[in-house]
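A.B. asks: Got a structure here, written out as structure tokens. Questions coming.
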Amino acid sequence: SLYLVGGGGVFRFTNFYDTNRSSSDFTSAFEGTATTKGGVTGGAGLALPIGGTSFFVESRYTTAYTSGEQTRWVPVVIGLKWR
């Protein structure tokens, strides 16, 4: 079955930077103050029944209303759902 998803959300952002780019060790730090911004999301998915479960693939387009340029991302989710 094909389905649609949509809604709003609240997103928390913190500046992140890599402090040791030349090393094979990954060290990181957070700087600045965290901000919370609102946003909207919308997308679609496809669910295929397999026995007592459903295999699904879903993607959403999300926009957070951050200062300056809006922050956008498109995750793809693949999984199993038990009925």
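A.B. asks: Tell me, what HN-Hα J-couplings in whole Hz come from the Karplus equation 6.51 cos²θ - 1.76 cosθ + 1.60 at θ = phi - 60° for each residue of the range 68-78, using x for Gly and Pro?
C.D. replies: x, 7, 5, 9, 10, 8, 9, x, 10, 10, 10
A.B. asks: Here's another thing I want to ask about it. If amide hydrogens are placed 1.01 Å from N in the peptide plane, which non-local residues have theirs closer than 5 Å to the one on Thr66?
C.D. replies: Counting only residues 5 or more places away or on other chains, the set is Thr71.
Only the coordinates and a few stated rules stand behind these numbers; no lab work does. Bear in mind that the values here come from a model prediction, so they are computed numbers and not experimental data.
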